Every structure is written in C-alpha cells, then in structure tokens.
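These notes are about the structure you will find just below.
The values are calculated or read from the model by the stated rules, or taken from the named source; none is laboratory data. All values derive from a computational prediction rather than experimental measurement. We place every Cβ from the backbone using ideal geometry, glycine too, and count neighbours over all the protein chains shown. Just the protein is used for accessible areas: all its heavy atoms, side chains included, with ligands, DNA and RNA removed. Shrake-Rupley method; radii C 1.70, N 1.55, O 1.52, S 1.80 Å.
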Amino acid sequence: MSYFPSLAVFFQIIINGTFLGTMYGVAAIGLSLIFGCMQVLFIAQGTMMILAAYSVFWLVYFMSIDPLISILIIIPVFLVLGWIMYKGMFQRVSQAGPSSTLLLAFGLMVFMESMMLFIWSPNIRSVKTSYSTSAFQIGDITISVSRLIVTVVAGIATCLVYLFLKKTMTGKAIRGVSEDRVTGMLLGINPNRVSAITFAIGIAMAGVAGVATCLIYPFDPYFGFLFSLKALIAIAFGGLGSVGGALLGGIILGILESLSSYTISPGWADAIAYAAFILVLIFRPQGLLGKAADKV
Amino acid sequence: MENHLLELRSVDVSYGDAQAVGNFSFYIDKGKIITLVGANGAGKSTILNAISKIIPTSSGEIFFSGMSTAGLKPEDIVKLGICQVPEGRHLFTKLTVLENLELGAYPVHTRPFMKDSIEKAFTLFPILKERINQSSGTLSGGEQQMLAIARALMARPKLLMLDEPSLGLAPKVVSLLFKTIKKLNNDGVTILLVEQNVHQAMEIADYAYVLQTGTCKMDGHCHDLLKNSDFKNTILGIRE
Amino acid sequence: MKQRSILYRITIRCLFILFIGFLITGCSKGRGKEIIIGSHLPLSGPGGLVGLEQKWAYDQAVKDINDAGGIYVKEYDAKVPVRLIAIDDESDSGKAAAAVERLIKKDGVELILSGSNGAMGVLPGMITAEKYKVYYHGTLIWLETFLEHKFKNCSLYNFDMGQVIPMCFEVWNSLPKDQRPKRPAIFVEDSFDGKMMGDALTMFAKKFKYNVVLHQSMGLGAKDFTTQVIKAKSANADGIICLANTPETVTLVRQLKENDVSFKVFQGFKGTWPTEFYKSLGKDADYILCDGFWSEDYPFKGAKEIGQRFFDKYEKHSTSVGLYYALCQILFQAIEKAGSTDPVKVRQAITDNEFNTVNGKVKYDGRGVALYTSGNFQWMNGKQQNIYPFNLAKYKIKAAPPWKKR
Amino acid sequence: MLRLNQMKVHTKYIAGLIVVIFFVLCPLFLNSERSYFIYFLYTTFIYITIAQGWNLIAGYTGQVSLGQHAFFGLGAYITAITWRAGLTGYFDPLAFLLSGTGALLLAAIVGVVLLSKLRDDYFSLGTLGIGEILRVAALNGGSFTEGAAGISLNSTAYKSMNHYYYTALFIMLFTLVVIVLLIRSRVGLALIAIREDETAASANGIPVLRYKILAFSIGAFVTGLCGSLNAYYIFHVHPPGVLSLNWVVIPVLMCILGGAGTFMGPILGAFVLSIAFELTSIWMPEIHPIFSGAFIVLVTLFMPSGIMYYITNHKSMIMRRLRLTVFKWMNQKA
Amino acid sequence: MNKNESQYSKKNNSKKDVTGDDIFQMKSITKRFGGLKALNDISFNLKKNEITGLIGPNGAGKSTLFNVATSIYKPDSGKIFLMGENITGKRPHQICWMGISRTFQLAKTFLSMTALENVLVGAIYGHKPRARNVRQHAMEVLELVGLETKSDIITSQMTLSDRRLLEVARALVSQPFIMLLDEPMAGLNPSEIKKMLHVIEKAHKERNVSILWVEHKVEAIFSLCNRIIVLEYGQKIAEGKPEEIAQNNNVIEAYLGKPSS
C-alpha cells in the first residue's frame, strides 16, 4: 500500500479502472459472442463501434436526439446490419477457415475506416451532452457522471444479452450451437440462422459500445482499432466465448492498466497489459474465469 | 408405399471416395421397433445421419409418410417428426438439464406443448427432475442418455431414431433403458434402433436388419433371426 | 460454377491490363509547359486533419498564382502555370518515403512542398528527396533533426522551437503576479514531439523559476488519464502544459474538470488548436491556451483574406493555413527570382533573398533555415484570441478562474 | 510419363530463371534513380520476403503468427544501434547478419514459450502481444533506443538506389532458395506433416516443437533482414515506423490472398496487392483506401482460399476455356 | 531386416534383458477423463514376434489405451516399459524413436503429400539414429504393402483402403519393435480386408515386428492373432488364445449383450 498516498486514491484508481474496463468489456462482449459461435475473430468490432458513434453524432446533429435515447435507434439498425453482414459475407466465407474470415474482417475494417473518412472527413467529432463533464463525490472519491452512465448502460446491455442467452429459446439455441453444431441441427435448429442472430447481436453490442464511446470520447475513424485490440485481450482474460467473462475480463484489464499506469508509468501500462495477457494465455488458456475443459 | 412411415430405396452414401452405405433399402411401419445391428463401421450411424440429412446421399431416395425428403434440410426433417438421438449423446454440456430439454422443443410447432412435454419427460425419467438445474455435463452416463432421449422426445416425434443408446452404460442401466424404449413404443412412438447390444435390442424389436460393410446381409423377424445359426457369425463378422 | 469462371476471367484480364498499364505509367513522365510541384500529405490516417488544411492552403496558393497567370520564369521568358500534385502518405513514415519516390520518379516533379508531422512525414520525405537531389521545401520538423541530416537540397521554414518553450513561460509571466501559476504540471504524449518538448519544458521552467511538480507521459491513444489527474491533484498543480492529440487532450480536460483540478493557465500544444477541440468541450475550453503557427489577425498583407476564405469554406478558423500559404508564396517567389525551376538555383534563390508572405518577411540563413515566432492563442467564446507574439497580439492573456466559479 | 514430368519441372526452372535474369537486368535498361518501377520492385521484394517468412510458419507449419513486425522492428533497431555505435557501417553485411540473428534469437525464445503452450488463435494473439510489448519497450528504451524520438542515421551515406534494389532482390532470392530447399528437404516434409496432423506427425517421430521453432525462427531471420534493409533505406528508426502493424498485416494479406502454404502464393499475392494498392492510389487518390478494403473483401468472398488454390482447382477449366477461345478465334479468321 | 535385427540386439545389450520374451509391458494403467474412468488398472505384456489382438465393444477404452501407450495421453497412474526401460511420460516422438509406431483409427495420413512422401516422413523421422538411403527403405515398404505403383499419388486422392495401407507402411518404415494398429480395417470392403490381412501377415513375418491390433472384424483378428485381450468399460475382462476367447461367455456377452431374462 506504500505506493498509494491514501486508501481513497487507491479506490479512486480502482473505480476509474473499472469505468475504463467497462468500455473494453462492452466492446469485448460482441467479439466474444461472435467468436464463441463461429470461431471468427472479428477484428472490425472497434470500427463498427466508431460507425455507431458517427451515427449517434448524426442523430444528435440533425435530429437533436439525446445520445442515450439514440441507443434505441442504433440497436435495431445494427442488428439488421449484422444480419446482412453475416448472410452476405461471413456465411459464405466461414467454410473456408479462420484465416479467411480474419482476412475478411480486416478488409471490412479498412473499407469502413476509409468510408467513414470519406463521408465524415478525418476531423474528430464529439457529442457534447449536459452531463459530459459533471461529477459527484462520495467521500474522497470522485465519480464521473458520464462514465457512470456508460458503466450502467454497459451493465444493462450485458444483463440483457445474458438474459437473452439464458431465458429465450433463441438464446439457448445460440449457446447450444456454439457447443455442438451438428446436434443443433438434429434438434431442428438452423445453425446458420442462429449464427446470423449471434452475429447481429454482436454487432448490436458494438453499436452500444459506440454510443458509450461518443458519450465519453471525441473520436475519428481510426479510433476503433485500439478498442479491437483491447477487446481481444479482454476476452482472453475472460475466456473466449463467455459473455460475463468478456465484461469481467475488460474490467480486469482496465484496473490493471490504471494501477500500472499509476504505480509504474503510463507508458508501460500497455506492455504490462500485454504481458499479463500472454501469461494468462500460457498458464490458463481457458481464461482467468473459464473452467478447464476436459481434453477428450 | 403409403402405409410405410419411413422408406429408404437403394440409398448410397459415400465419404469422399469411401462408400459407407451401398444400395440399402428398408422400411418402417408405424408403431414398430426396427433395429439395425452389425459390427462397428458397418454403416448403421451413416444411415441415420442420411435420414436426418446431416450427410448427403449420393443416390437413392428416402420417403417419409409417402413423401420424398429430397432437398430438405436437417431442421425440416425434425419438423416432419423424425428425431435422432446421436451416438455418444451429444448433450449441450454447458447447459442445464432443463435448458437441454427446452431446446428439444425448438421447432415452433412444438413449443406450445413444451411444459406438457417436460412433465411427460419427468414422469418417464424421474431422475431428471431431481437434476433439473444441474448442468448436463455433470450427469452420469445413464442420466445423460435419458436426457438425450427425453430431449429428442420434446419435439413429439413420429419416428425416434436411437443411435447406440447403451454405449458405455452399466448393464443394469442398459436393461432399464430398453424397458423405457419399449414403453415409449407402446405409447405410440415408432422407433428405429441402432445397437451393438444385439440381444437386448432384438428382444424389444419387431424386425431387424443386419448390416455388414455398408450393405444389408440379412433381415428378418427378431425371433427368427435369433434362431438362425448364421446370425451370430454375421454379427461378429466371422461370416464372410 | 459458370458465374465464378466468368468472374475469374474478368479478374485475371483486369489484373493483366492493370499490370501492363502500370508498367507504362511507371516509366512515363509527362512534362508540359508548366511547373509541376509535388506534395505528400497525410490525407488519411491519424494526421488527416492537418493534411486537409494543408492541402487546402496549397491549393489556394496555386490557384492564386495561376489566376495571376502563373510564375514568370526567365528561362522560358514567359509566365508558366503551376500544377500541384498532392498525394496521400497515410500518416506513415514508410508510405511518406514511398510517396516522395512516386512524386519524383513517376510524376517527375522537380520541387516538393512539405508534408506534415515531422518524423512520420517530413523527415522521410526530406531524406528521400535528398537522395535524388530534388528540392524539398520543408516545414514542421525539428530544427535539430533537420540539421542532423545535413540536408543540401532541403530548406526549412518553421516556427522557432527554441522560442516556443520560453514563449509558454513568457506568456505566464505577463500575468499579474498573484494570478500566475506557481506549480506547473507537464503532460506530454509518448512520441517524438512529446519527448523533446517534455525535456525542454522542464529545463526552461527551472530557468523561469517555475517549480515543475509533475512530469507525466501519456500513452498514444490512451483512453483514461485519471491516474495523471489524481497525481496532479495530490501535487497541487495550478498550471498545466499538455502536448497530445485532440481526443486525448479533450479527455484530459474533461477528467480535470470531473476531478475538480483547477488551473490558472492550461497551455496546450498540438491538441488544443483545432476547432473540434472547442466543439467537444464547449465552454469548458475557455481560457485554455493553444499554440498556433499563424493568425489571421496578423497585420500582414493577405492574412485577413486567406483566413476569411478558409472560414467561408469550412466555417471555422484556422491557425495554420497561413503558414502553408506563406510556404507556397516563398517557393513561387524563389522560382521567379531564380528564373528557373532547377532545384539548385531555386535553393540558391531561397537563401539569397527575402520574401514577403502572409506570415511577414522571411529570410533564410545559409543553412537553408528560416525561423519565425510562433503564435499563442487563448480560447474565448469559441474563438482563438491571439495573445502572442506580444508585438502583434491584440489581446492579453486572462488567468482561468477555478471550475466552480465559471 | 516420367520424362514429361521432368520436362515440366525444367520449364518451371527455366521460367523462374528468366524472371530472375529480368529482375537482375532491370536497372540496366531502367535508370534506377529515376524509375519508379525499380522502387516498386524493391518494396515488393521486401514484402515477398516477409510474406514468405510468414508463409513458412503459418502456411506450411500451420501456426498463424501475428508478431512478424516485432522481428522486422528488432532487425531495424539492431542495425540502427550498431551503426550508431560505430560497430557496423552502411550496408554492412555484419549488420544484416546481426539483425537477422537477433530476430532469430527472439523468435527462438518466444517460440519456446509460446509454441509449446499455445495453439491456434491463442498463439496468434500471443505473438500479437509480443509485437506490442516490443513496441512499448522501444518507446521506453531510454538512450538505447532513443524512445519515441527514434534513432536518426547518417543519411548522407546514401549512394544509389541500385544497392537497395539488389540487396532486396538478393534477400528475396535467398529466402526463396532457402524455402525451396527447406520444403523440398526432410525439414519441409516435417513441417507439412505438422500442419496436416500434429498428432500423427508426433507419433511418426517428428519432434514437433523443435520444427515449429525452426520454421518460426527462419521466418524471423529473413524478416529481420528486411527490417535491417529498411533501416538503411529510411535512415530513421522509430517505433511507429518500424514496429507498425503494417509490417505484419500487409504481408499476411498478400500471403493469404495468393494462397498460404504454396510457394507461388505469396509472390503472386504480393504482386497483385502491390499493383492494386499502387494503381488505386494513382488513379483514384481520393478514395483509394476504400478501394483497398473493398478489394480485400471481394477477393475473400470469391476466392476465400487464395488465388493459387483457385488456379490449381480450376486449371483444367481455365485451360479448356483458353483453348476454346483460341479455337473460336481461329475459326473466325478462317 | 538384418538391420532391424542388429538394432534390436544393440538395444538389448545396452539394457539388461530382464523381461525375457516380454518386450512391452503396461503395468496397472489408469486414465480418467473427468469423472469417467476410461482405463481402469490395465496390465498386460506383449511378447516378441507375437500378434496380439485387442477387442472390445465401442467405448471400451481401446483407443485410449493406444493413446496412452504412445504417450499422446499421460496415464493418471501406472507405468509403461519397453525392453524393461520405463518409457512413461516420454514425448510421442521419443516413443516412436524407441521403436513403437502406430496407425490411427481415422487414417491420419498427411493429405497434401504423395504416398511416397508420407512414407518418407516415417523413414526419416521415425528412427534414431537417422537412417541412410531412406528413399530405398520407403520404396521397399511401399512394395510390401502393395502401393509401389501409387507412390506419386497425392494422398487426398487415394481410396480409404489405400490410405490405411499407407498408414501401415508409414508405421512399418520406422523399423519398430512394436506396431500398434488401430482398426486398420474399419470401413473396408471384404476384398480390401483380405488385402489388409495379407499385408499385416507379411509385415509381421518379414519384419519381425510384434503387433498390437485393435479390431472390430473379429474373424480377421481370430485368424491372425496368437493372443487376444478383451476390454470392456476400461477393464480387461479376458486374455488368451483365440479359441479360448471365442468360448468365453464374458466376451460373448460383452459383444452381443446379455439376454435380459
């Protein structure tokens, strides 16, 4: 504890790390879902987030809709977008193996980045709300309102996805199919349809993450790639394919970054995150939270 | 033709260039138990998978209730009323018992009866009710097999196909299982049973087909076959 | 199957034709009766924002000179129009070198107008131009780096880095004594500029008798600065100097406010000058200082007009287009004075003469370097008010009140 | 039959030789200081080399590495540091050797740790992490790496583009020869066996880990050579330049596009992608990145396993169509 | 053949021949997967120059036993000896070098290679010290299994039967003392089975190799084996001469099921 001047500072750092981590977590949930169901590392996830952020920017700019309300528009639009992307591209390519889908995702990323650059110019954009810079105090700890809102939104979104997976037939089918595709078929489940739904939800989660992004950060078309990388680390922490694990993994990553940037140096924070990530991969390949799989 | 529930006419199935099933024909009538027996690799599971459309047939036709199933997808087959319990059970091990059962009633037309079907499943296999919220990977082998059958029954199949249900189960459990299968049949479910536990399968079945390397070597009523001296040798692969 | 094969045929044919076409274009060089000037700009990638303004300014300068009939070149004894070929270097050092290779070899340009962003653009551009002895009319690179490479075919017109650092403290000193910050915190990003500036700032702060209480580096693209803010808070910093990109700076300011870390002066570099900075923060951006290459309020000929033109086009003000415009003005005047487009003669003309630009009089020294005084601005009600150089500035810096009193 | 086969092989060699001679002679009839084509070939050679290095570990051995930029960057840094310290000079073979060896050692160490523990996607993610760690380390390397500022090298040393062109050509040919020899030799047999079936390979006596590390290290070695050459070309070594993800992403794209696990694939992919990027940036400068993205998407949609596989699978059809076209054309003439 | 012989004796010299005819021993091997005991306290010996059959119903643990024997799985308890030397926990490739080679139930040939290349892999790597003139060895073995005319065919274009023969060849070329065959006849038709039987017999005779052989085609196993081991539920339920096994009630029950009455 000698690293920290006071306990309050320590908790402040933990809380800020959590807030930061939730951002990574939301980005990671979609990635994790898609990976769990289709074994596709969808590295364009961060770019999809930024696409959502730009959409929110337009909604705010042209229609003066509050960013939080715009979630209600973004989610259905991105669901449809995800569905189309799966049906139009990934279903076709997924038979050709993981390197092809990775390549496709990368191509999509470049394509979307440049489209956004073309449409919105490289100028950074931002959405300003009444709560952008407000904060309140609990004891000695300062809590940022916008980051709290994002954390709450992220929590709600995660819960909704979790409940969807737990409670609905489609959700159960998704979980079933990601475990065993053929048996799913034997039970009358169309695995392609289920994959399309999963993909759509994954993309919609990118939409939610995008809304969260524009509440906190100014952004430009290239802002998303870093989120893709961090989300990858987060799902490795949480165990590939698990939803709660993705969020938790994100939070762990956020706290780790905050702590190391306070105690060591912000410059090393990234390296420490990556080193921790590699260590986790080596010693617990199923993720910090995953259960060891039987090797049969 | 109309009176057969399921009919296969000279079906061929190949994996790559290896023919797994050649020129296989058979039929099942409503309310019967038919068993396919034969050594490992004889092509029994392949036939089930071909009926379920998991693997394509290279030639021949499959009829269900007098209707050709050509061009249908696996999920359509389930909607028609054919359910398969795959070899090795293939439960969704991360899901709970209840969730596994619910997924059995995935086809839309079966969902209204879901609660009812679950009740039925629990009366059939009371042990499952005790494990209702346990994840299915933690069940014992016998319980898993029961769950797999119960799951397939959720879709209210007209034809239930069981692939090696006794695999890896203790003898006690096996006889219990076969009793249950017979009971199901008495309740009106037509059953296609693939088994290597020949004796017990033959005891409950009406008619049997003996397969060897993808072709039907002999067929007949079970009690006739059991008396046939060639039968044992065929099964063991001793007879050429 | 049939569909695929047609597609395949088309693809292969296209590729073949493209390849042949490429061979032809790759070897040909079009030279007409015009002066071809090349430029590589970060039109995409992280530097895109700067690149667009730069390209606009270059285009304006070229348009203006062509409207006037072109540059009088003695060699041809005629007024020759100028053509600018501006290509994208994707804000990447490797691509910048490739872009300059292309300009020189494929497009056959004789003169190159500067790219942007120091180590990621200008430096590889200069090195490449130097290899083929093509004149590179440069800006926006550290003087030390420029001198280190002993360029013979390049020149540098840039603001004086040696002046920018003390400028920051001179501006602070111009405040009444009780309003001056005493304990500055320095935040710099993990980059070339950040490292150089960070060290220099710490050194000069001592000279100006400011006690630097915190010197923190920030990861490029970092998303959270609370740890730095907490440290600033516990160090009780009251003045902040920050060098980072706009998104990072915006996040930093937001988090300063959230954590109620007030400052008397916030001197921003690089990240604070775009209008988007103000748009992102609104009123919170008031009182924040930004560096700037140039101001449309300067009393030089054409300054007001070029600023106005930019405003008409983009509905925002710029503190940089004047520099780029002036850079073109220098080049065009030098060509006229050299009477030739020959790189050696042009460079000679550059060092021999004095030029009138929208950024005042420019005189290069023997090393091919001309430095000018950088501007400093304070955001106030959505406009950057020029507060430095003192002799040109119309406004005076105001210390910022604490967050709670705004 | 056998003779026909041999003849085919011979024509292949002769065709290859002609292409190589063409490349060697290129600077003689094109002024290398003034021809963009020479520069284009130079960059393409570098990309081919890195792509082939990646191909060895990913295409032939089946372990998808995303950390090649670490080796590229390390090579560049070793060259820069040794040159600055006066240990080596401009275009010093020793510097190349050191850079390659440094990258090789890093790969061996990383390989022992990662290849023994991680499979498939996890290995990819792990190598990606290694690259990023190296980048951060270079940023924080103090006076040794000059941090973010990077190391400026003496650019007055530049003599001629020919040096670069021939060195790149040499490195590429070296890589190609090494890879051909490896793949044709016992080692190649082991590598392909590992890709096809690790269990079977191991059960047939192949020390799997050792060969994986070998492939990884050789790939790293040639990538390090490229990094070294790039340091000499750009005269300024700094993290965002030489440790950029571009140095892994673009070669990987080229390799997959051409067909991973084939010899011609990376070569074809490098040329196709370079030409596509180049042409779009010349012809449609405004929207060229959009086109690049769309190009990658379209190719993966229609040729998901790469161009080489497409050609091999459709060879007979292509030949038939070709013959048909010729036939028609001749009929029209008659 | 001579070479094989000489090597065998060399190894025997270096290690004291404590086991007599038993060249391979498994001692109370147990292997669990999760809660399931796939192998439960299995012990048996293999004798020199003997073909041993391993039979049992599906899921009895035969493949697991093979995987433990070739170190693909580590046993939870128990030890494995080759020539009296403890080889438990060695890496799979070391096991191969020491003289145990195997085939796989799913015919794991290297699909993108030609038949010859497949065998070359075994010839080059399967054996320590590395053999010379491997190509000749490989061709000899291909001839032995009757694939010499198909040596240049890519494996993915071969029939299943040829691929199985190829696997036997690949296992044989590493000059093993013991060859483990995992259902080499699964999916073959009667004439192909005959061919395979012939090949196994020839290999055994010409190469002096002990064979442990899992098979469902009981007739085939009865015709060739000197000794048969029967597994059920991961336990050894019988061991003996084929005639004894055919009469053993436990075995018949294991295969055909017990009549419930």
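Partner chain Cβ atoms within 10 Å, averaged over the residues of D:189-199 - can you pull that number for me?
5
Step through the table entries E:LYS194/E:LYS217; C:LYS361/C:LYS396; E:LYS62/E:LYS194; C:LYS33/C:LYS106, compare each Cα-Cα distance with 21 Å, and write down the pairs that go over it. Each step should come with its number before you reach the end.
Details: E:LYS194/E:LYS217 11 Å; C:LYS361/C:LYS396 24 Å; E:LYS62/E:LYS194 23 Å; C:LYS33/C:LYS106 17 Å.
C:LYS361/C:LYS396; E:LYS62/E:LYS194, as the Cα separations exceed 21 Å there.
Only bridges with both residues in region E:21-256 count here: give the DSSP antiparallel percent, nearest 5.
In region E:21-256, approximately 55 percent of DSSP beta bridges are antiparallel ones.
C:LYS337: which aspartates and glutamates have alpha carbons under 13 Å from its alpha carbon, excluding same-chain residues fewer than 8 sequence positions away?
Output for C:LYS337: C:GLU75, C:ASP77, C:ASP352, C:GLU354.
Can you give the angle from 0 to 90° between the axis of helix D:68-84 and the longest principal axis of chain D, with both taken from C-alpha atoms, to the nearest 10?
50
Given 25 °C and 0.890 mPa s, how large is the Stokes-Einstein diffusion coefficient of region D:229-307 in µm²/s, with Rh as the Kirkwood radius over Cα pairs?
Using the Kirkwood radius from Cα pairs, D works out to 179 µm²/s.
Please list, by residue number, everything in region D:79-105 whose backbone N is under 18 Å from a paramagnetic label point 7 Å out along Cα→Cβ of C:ASP199.
D:81, D:84-85
Accessible area per residue, 1.4 Å probe, Å², for the protein assembly as shown: what's the number?
Per residue, the protein assembly as shown has an accessible area of 38 Å².
Just add up the charged neighbours of A:ASP270: K/R +1, D/E -1, any other residue whose Cβ is under 15 Å from the Cβ of A:ASP270.
Surrounding charge for A:ASP270 is -3.
Quick one: check the C-alpha center-to-center distance for region E:59-107 versus region B:33-92, whole angstrom.
Their Cα centres are 37 Å away from one another.
Which whole number gives the average, over all residues in A:187-195, of C-beta atoms from other chains lying within 10 Å of the residue C-beta?
What the average comes to for A:187-195 is 6.
Going toward the positive end of the dipole of region D:35-302, with +1 on Lys and Arg Cβ and -1 on Asp and Glu Cβ, which of D:PHE277, D:VAL222, D:VAL297 do you reach last?
D:VAL222
Between C:LYS133 and E:ASP21, what FRET efficiency follows from the Cβ-Cβ distance if R0 is 56 Å, with the result rounded to 0.05?
Numbers: r = 86 Å, r/R0 = 1.54.
Efficiency computed from Cβ-Cβ geometry: 0.05.
What is the magnitude of the charge dipole of chain C about its Cα centre, with +1 placed on the Cβ of each Lys and Arg, -1 on the Cβ of each Asp and Glu, and no other charges, expressed in debye to the nearest 20?
Details: 55 positive and 43 negative charges, 98 e Å.
Dipole size: approximately 480 debye.
Could you compute the FRET efficiency for D:ILE18 and A:PHE164, with r as their C-beta to C-beta distance and R0 at 51 Å, rounded to 0.05?
0.25
Would you mind checking the pairs B:LYS44/E:LYS150; C:LYS177/C:LYS206; B:LYS53/B:LYS129; B:LYS44/B:LYS183 and listing those with alpha carbons more than 22 angstrom apart?
B:LYS44/E:LYS150; B:LYS53/B:LYS129; B:LYS44/B:LYS183
Along Cα→Cβ, 7 Å out, is where each label goes; now give me the distance between the ones at A:LEU7 and B:LYS120 in nm to one decimal.
Here the modelled spin labels are 6.2 nm apart.
Roughly how many nanometres apart are two label points built 7 Å out from the Cα toward the Cβ at A:TYR131 and E:ASN250?
7.3
Where is the GNM fluctuation largest for chain A (alpha-carbon springs, 10 angstrom cutoff): A:SER195, A:SER121, A:SER144?
Highest fluctuation among the options: A:SER121.
Can you give me the C-alpha center-to-center distance between region C:104-126 and region A:171-213, rounded to a whole angstrom?
49
Among A:23-33, E:135-145, C:171-181, A:222-232, how do they line up from the highest to the lowest mean number of other beta-carbon atoms within 10 Å?
A:23-33, A:222-232, E:135-145, C:171-181
In a Gaussian network model over chain D where Cα atoms closer than 10 Å are linked, find which of D:LEU298, D:LEU94, D:LEU191 has the largest mean-square fluctuation.
Maximum fluctuation in the GNM of chain D, among the listed residues, is at D:LEU298.
Rounded to whole Å, give me the distance from the Cα center of region C:330-406 to that of region C:242-281.
After rounding, the separation between the Cα centres reads 25 Å.
Just to be sure I understand: if I project the alpha-carbon convex hull of region D:35-302 onto a plane and average over all orientations, what area do I get in nm²?
Spelled out: convex hull of the Cα atoms, projected over all directions, averaged, 14.6 nm².
Which is farthest toward the positive dipole end of region C:32-188 among C:PRO46, C:ILE71, C:PHE169, measuring Cα position about the Cα centre, with Cβ charges +1 (Lys, Arg) and -1 (Asp, Glu)?
C:PHE169
Return, for the Cα atoms of chain C, the radius of gyration and Dmax in Å, separated by a comma.
23.3, 83
Among the listed pairs C:LYS55/C:LYS105; B:LYS30/B:LYS217; C:LYS257/C:LYS304, give every one whose C-alpha distance is greater than 26 Å.
Violating the 26 Å Cα-Cα cut-off are C:LYS257/C:LYS304.
Net charge within 15 Å of C:GLN333 by Cβ-Cβ distance, Lys/Arg positive one each and Asp/Glu negative one each, not counting C:GLN333 itself? It would help to have the intermediate numbers written out before the result.
Working: positive: C:LYS74, C:LYS79, C:LYS301, C:LYS337, C:LYS345, C:ARG347, C:LYS361, C:LYS363; negative: C:ASP64, C:GLU336, C:ASP352, C:GLU354.
Overall, the nearby charge balance is +4.
Other chains' Cβ within 10 Å of D:231-241 residues: what's the mean?
Average neighbour count from other chains, rounded to a whole number: 6.
On a full-extension model of 0.36 nm per residue, what is the gain between D:LEU97 and D:THR156, subtracting their alpha-carbon distance, rounded to one decimal in nm?
18.9 nm
Report the paramagnetic label zone for A:ILE69: residues of region A:194-233 whose backbone N is under 18 Å from a point 7 Å from Cα along the Cα-to-Cβ axis.
A:211-212, A:215
Would you mind classifying the protein assembly as shown by shape? Square roots of the alpha carbon gyration tensor eigenvalues, ordered a ≥ b ≥ c; an a/c under 1.5 is rounded, otherwise it is prolate if a/b is larger than b/c and oblate if not.
Prolate is the answer for the protein assembly as shown, as a/c is 1.5 or above and a/b outweighs b/c.
Using mean Cβ contacts within 10 Å as the protection proxy, how do D:242-249, D:266-273, E:125-132 order, highest first?
Sorting D:242-249, D:266-273, E:125-132 by mean packing, highest first, produces D:266-273, D:242-249, E:125-132.
How big is the antiparallel share of DSSP beta bridges in chain C, given as a percent to the nearest 5?
30
Near D:LYS212, which lysines are there with a Cα under 27 Å away, not counting those fewer than 8 places off in the same chain?
Of all the lysines, those that pass the test against D:LYS212 - Cα under 27 Å, at least 8 places apart if same chain - are A:LYS295, D:LYS117, E:LYS74, E:LYS90, E:LYS108, E:LYS128.
Which semi-axis lengths, in whole Å and largest first, follow from the square roots of five times the eigenvalues of the Cα gyration tensor of region A:7-283?
Semi-axes, largest first: 30, 23, 18 Å.
Along Cα→Cβ, 7 Å out, is where each label goes; now give me the distance between the ones at B:ASP224 and A:ILE143 in nm to one decimal.
Between B:ASP224 and A:ILE143, the label points sit 8.1 nm apart.
Distances over 28 Å make up what percent of all Cα-Cα pairs in region E:21-256?
28
Nearest 10 degrees is fine. How inclined is helix B:114-124 to the longest principal axis of chain B, computing both from alpha carbons?
The angle comes out at about 70 degrees.
Pop the C-beta distance of E:ASN58 and B:THR215 into the FRET formula with R0 = 22 Å and round what comes out to the nearest 0.05.
Efficiency, from the Cβ-Cβ distance: 0.60.
Along the charge dipole of chain D, which of D:ILE171, D:LEU105, D:PHE23 sits closest to the positive end, that is, farthest toward it, with unit charges on the beta carbon of Lys, Arg, Asp and Glu (+1, +1, -1, -1)?
In chain D, that residue is D:PHE23.
Compactness ratio of region B:97-168: Cα Rg over 2.2 N^0.38 Å, N = residue count?
1.04
Could you check what % of the DSSP bridge pairs in the protein assembly as shown are antiparallel, to the nearest 5?
Details: 66 of 140 bridges.
In the protein assembly as shown, DSSP labels about 45 percent of beta bridges as antiparallel.
About the Cα centre of region A:7-283, how large is the charge dipole given +1 on each Lys and Arg Cβ and -1 on each Asp and Glu Cβ? Please answer in debye to the nearest 20.
Dipole about the Cα centre, nearest 20: 660 debye.
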